[in-house]
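> The structure follows.
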Amino acid sequence: MLIFNTLTKKKEEFIPLNPPKVTIYVCGPTIYDFFHIGNARTFVSADIIRRYLEYKNYDVMFVMNLTDVDDKLIKKSNEENLPVEKIAQKYAEAFFEDIAKLGIKKANVYPKATEHMTEIIDLINTLVDKGFAYNVDGNVFYDVKKFKGYGKLSGKNVEDLESGARVEINEDKQNPLDFSLWKKAKLGEPFWESPWGNGRPGWHIECSAMSMKHLGQTIDIHIGGSDLVFPHHENEIAQSEAACNTEFVKYWIHCGFLNINQEKMSKSLGNFFTAREILKRFNPNAIRLFFSQTHFSGPLSFSDELLEGAEKGLEKIYNLVQRIESIAPSNDSGLITFEQERYLFAFESAMDDNFNTSQALAAIYDFTRDFNKYLSKNEKVPVEVLDSAKKFLKSTLTDVLGIQVFKEAENRNSKEDELIKLFIDLRTKAKLEKNYKLADEIRDNLKNIGVILEDSKEGTTYKISSK
Ligand code: AMP
Ligand code: ZN
């Protein structure tokens with residue numbers, strides 16, 4: 001299996017440190033607002049990488065951090081007149097709701113910076129002790145010149161960076177490239193005690209400390225959007241490797257941008273749609289299909305038309321699934337079978353080649369076309385053929401790409417259906433008893449888990465969707 005490593009700038013055979021274990025760290029969101037559909041692309045790409053490794057029977061330990069204290073959070077806390085913790089809590093909850101709707105598997109751990117102050121301070125201490133960091137009046141900086149490998153990830157060298165660096169406002173730094181490890185407390189800002197006085201950590205050190213705490217000094221894979229290569233990941237390497245004298249990350253994976261009108265979608269440019277807005281208008285499976293149609297590392301343009309195109313693609317797959325489900329399998333001997341190994345082989349070969357989802361989807365579309373033809377030609381279909389077709393669609397689309405194709409049908413027949421109906425009955429009863437508070441609570445709580453109730457004269461029905 002090949003992975004393109006940003007560090008070596010080539011595709012490399014994937015050899016985990018301690019197979020079957022694979023450790024992955026993803027730079028997660030700053031929880032000061034709803035995340036946009038560009039961020040969602042990176043989160044979905046990381047999810048597919050994890051899912052494929054699990055499909056290959058690796059035992060994946062997946063960590064995604066949440067940045068819960070920084071300038072953006074402090075600004076928002078002033079705007080909304082709420083403490084920073086409340087802002088972080090509000091948007092962390094929103095983050096979990098949105099990733100669940102997008103079918104993103106939960107990480108094993110979501111470490112938060114504010115819950116790792118001891119580890120962060122210890123790490124800064126080590127860097128100060130080893131001479132890689134210096135304290136100027138309560139502000140601690142990393143001394144970039146001290147770390148020999150600085151620039152190895154981004155391919156930048158210190159001299160070029162220095163000549164290109166903007167004049168820094170911060171006079172305390174010895175070199176404009178040096179970056180903050182600890183920021184002295186300012187009036188009205190949250191702070192923690194430290195050997196350098198009250199303050200808060202810089203962003204880069206949080207990831208080094210949390211990755212180390214949860215996954216060890218050297219990890220297999222680190223993932224983030226390509227805007228993080230420099231300076232964030234370059235700085236993470238400088239911090240971690242200087243502190244531990246060992247390689248920080250084996251494989252660096254960077255995801256391409258989601259663009260809108262040829263520009264990177266970003267909060268600061270104001271050209272973004274939140275994932276929530278898009279999820280209200282489009283099926284999450286279509287969103288995932290849309291992302292999977294393009295290789296994760298390249299740029300991808302966003303538009304409603306392109307998402308509508310993905311919905312059409314999804315429709316084709318749904319149609320085939322429905323067709324498969326409506327056929328009564330036959331046990332007659334001598335029926336014509338359908339050879340499908342080659343589609344799975346094509347799918348896996350594509351995914352083994354640096355997670356090439358667009359090629360992998362081509363294998364699924366080939367299967368869809370050919371299996372439809374087969375069904376049209378054959379009135380009776382052997383049970384094994386139907387079973388293995390279902391298995392193929394489930395393991396490729398659902399398990400690996402996270403696109404649910406059987407879910408609707410499964411939902412209707414499951415205990416889930418019975419339970420939801422039980423809640424609907426309880427709500428109806430509450431309404432009859434004029435306990436509207438309870439009735440609304442039932443409706444709202446169901447909505448939070450993606451079950452939308454619809455009242456009509458005939459009674460209450462529900463749909464499971466985030467559309
Ligand atoms: P942020 O909350 O801005 O730090 O972003 C969270 C993650 O989303 C990071 O890994 C970013 O690199 C990534 N990201 C931000 N903007 C985009 C975009 N337009 N397309 C893809 N990924 C992005
Ligand atoms: Zn990070």
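The values are calculated or read from the model by the stated rules, or taken from the named source; none is laboratory data. Bear in mind that the values here come from a model prediction, so they are computed numbers and not experimental data. Every residue, glycine among them, receives a Cβ derived from its backbone with ideal geometry; neighbour counts consider all protein chains shown. Just so you know, the surface numbers come from the protein's heavy atoms only, side chains and all, with ligands and any DNA or RNA stripped out. Shrake-Rupley method; radii C 1.70, N 1.55, O 1.52, S 1.80 Å.
> Have a look at K101, K156, K148 and point out the one that is in the same structural domain as V84 (by TED's automatic domain parsing) and more than 20 Å from H232 (Cα to Cα). It would help to see each step written out before you state the result.
Numbers: K156 fails: more than 20 Å from H232 (Cα to Cα); K148 fails: more than 20 Å from H232 (Cα to Cα).
Selected residue: K101, the only one of K101, K156, K148 that is in the same structural domain as V84 (by TED's automatic domain parsing) and more than 20 Å from H232 (Cα to Cα).
For every residue, the table says whether it meets (1) crowded, with 20+ Cβ neighbours inside 10 Å; (2) within 16 Å of ligand 2 (Cβ to nearest atom); (3) without any contact (Cβ under 8 Å) to a residue 60 or more places away in the chain.
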{"residue": "V26", "(1), (2), (3)": "yes, yes, no"}
{"residue": "I31", "(1), (2), (3)": "yes, yes, no"}
{"residue": "L66", "(1), (2), (3)": "yes, yes, yes"}
{"residue": "E80", "(1), (2), (3)": "no, no, yes"}
{"residue": "K86", "(1), (2), (3)": "no, no, yes"}
{"residue": "F96", "(1), (2), (3)": "no, no, yes"}
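> Going residue by residue through the range 343-352, is there one that turns out to be closer than 12 Å to V385 by Cα and crowded, with 19+ Cβ neighbours inside 10 Å?
Taking the range 343-352 and keeping what is closer than 12 Å to V385 by Cα, we get none.
Among the residues of the range 343-352, not one is closer than 12 Å to V385 by Cα and crowded, with 19+ Cβ neighbours inside 10 Å, which makes the answer no.
> How many residues are open to solvent by less than 60 Å² (accessible area, probe 1.4 Å) and among the polar types (S, T, N, Q) when one looks only at the range 330-342? Please lay out each step first, then the result.
We begin by selecting, within the range 330-342, every residue open to solvent by less than 60 Å² (accessible area, probe 1.4 Å); these are 330, 335, 338, 340.
Narrowing further to those that are among the polar types (S, T, N, Q): 330, 340.
Looking only at that region, the number is 2.
> Would you tally the residues in the range 169-205 being of a type in the set (D, E, K, R) and under 22 Å from K75 (Cα atoms)? It would help to see each step written out before you state the result.
Residues of the range 169-205 that are of a type in the set (D, E, K, R), as a first pass: 171-173, 178, 183-184, 186, 189, 193, 200.
Next cut, under 22 Å from K75 (Cα atoms) only: 183-184, 186, 189, 193, 200.
Number satisfying all stated conditions: 6.
> Okay, moving on. Give the residue, chosen from S266, S297, S301, that is of a type in the set (S, T, Y), modelled with pLDDT under 95 and more than 15 Å from I403 (Cβ to Cβ). Can you show your working first?
Working: S297 fails: modelled with pLDDT under 95; S301 fails: modelled with pLDDT under 95.
Only one candidate qualifies: S266.
> Next up: Give me the strands (runs of 3 or more DSSP E) completely within the range 1-72, filtered to those with at least 1 residues that are within 16 Å of ligand 1 (Cβ to nearest atom) and out of contact with any Lys or Arg (no Cβ under 7 Å at 6 or more places or on another chain), ordered by residue number.
Values: elements: 2-5, 10-13, 21-26, 59-64.
So the answer is 21-26, 59-64.
> Does E79 satisfy being modelled with pLDDT under 95, part of a helix (DSSP H, G or I), in the same structural domain as N235 (by TED's automatic domain parsing) and away from ligand 1 (no atom under 14 Å from the Cβ)? Don't jump to the end; show me each part of the working.
Values: modelled with pLDDT under 95: yes; part of a helix (DSSP H, G or I): yes; in the same structural domain as N235 (by TED's automatic domain parsing): yes; away from ligand 1 (no atom under 14 Å from the Cβ): yes.
So E79 fits the description; yes.
> In addition: Taking the condition touching a residue at least 24 places away in the same chain (Cβ under 8 Å), farther than 26 Å from L123 by Cβ, within 16 Å of ligand 1 (Cβ to nearest atom) and in contact with a Lys or Arg (Cβ under 6 Å, 6 or more places away or on another chain), does L258 pass? Spell out the reasoning first.
Values: touching a residue at least 24 places away in the same chain (Cβ under 8 Å): yes; farther than 26 Å from L123 by Cβ: yes; within 16 Å of ligand 1 (Cβ to nearest atom): yes; in contact with a Lys or Arg (Cβ under 6 Å, 6 or more places away or on another chain): yes.
Spelling it out, L258 is indeed touching a residue at least 24 places away in the same chain (Cβ under 8 Å), farther than 26 Å from L123 by Cβ, within 16 Å of ligand 1 (Cβ to nearest atom) and in contact with a Lys or Arg (Cβ under 6 Å, 6 or more places away or on another chain).
> Considering the range 234-264 alone, what residues qualify as being open to solvent by 50 Å² or more (accessible area, probe 1.4 Å) and of a type in the set (A, V, I, L, M, F, W, C)?
Once the filter is applied, which keeps residues that are open to solvent by 50 Å² or more (accessible area, probe 1.4 Å) and of a type in the set (A, V, I, L, M, F, W, C), the range 234-264 yields only F257.
> From K213, K280, K267, which residue is in contact (Cβ under 8 Å) with a residue 24 or more places away in the chain, open to solvent by 10 Å² or more (accessible area, probe 1.4 Å) and within 16 Å of ligand 1 (Cβ to nearest atom)? Spell out the reasoning first.
Values: K213 fails: within 16 Å of ligand 1 (Cβ to nearest atom); K280 fails: within 16 Å of ligand 1 (Cβ to nearest atom).
The match here is K267.
> Right, here's the next one. Are there helices (runs of 4 or more DSSP H) fully within the range 199-292 with at least 3 residues that are more than 19 Å from the chain's Cα centre (by Cα)? List them.
On the way: elements: 203-215, 234-244, 275-281, 284-292.
By residue number, 203-215, 234-244.
> What number of residues in the range 213-254 are within 21 Å of P19 (Cβ to Cβ) and within 15 Å of ligand 2 (Cβ to nearest atom)? Show your work before the answer.
We begin by selecting, within the range 213-254, every residue within 21 Å of P19 (Cβ to Cβ); these are 214-223, 246-253.
So of that shortlist, the ones also within 15 Å of ligand 2 (Cβ to nearest atom) come out as 214-215, 219, 221-223, 248-249, 252-253.
Count: 10.
> Would you mind stating whether F296 is closer than 19 Å to G103 by Cβ and touching a Cys at 6+ places or on another chain (Cβ under 7 Å)?
Values: closer than 19 Å to G103 by Cβ: yes; touching a Cys at 6+ places or on another chain (Cβ under 7 Å): yes.
In short, yes.
> While we're on this one: Kindly indicate whether F371 is open to solvent by less than 50 Å² (accessible area, probe 1.4 Å) and assigned to a loop (DSSP other than H, G, I, E, B).
So F371 does not fit the description; no.
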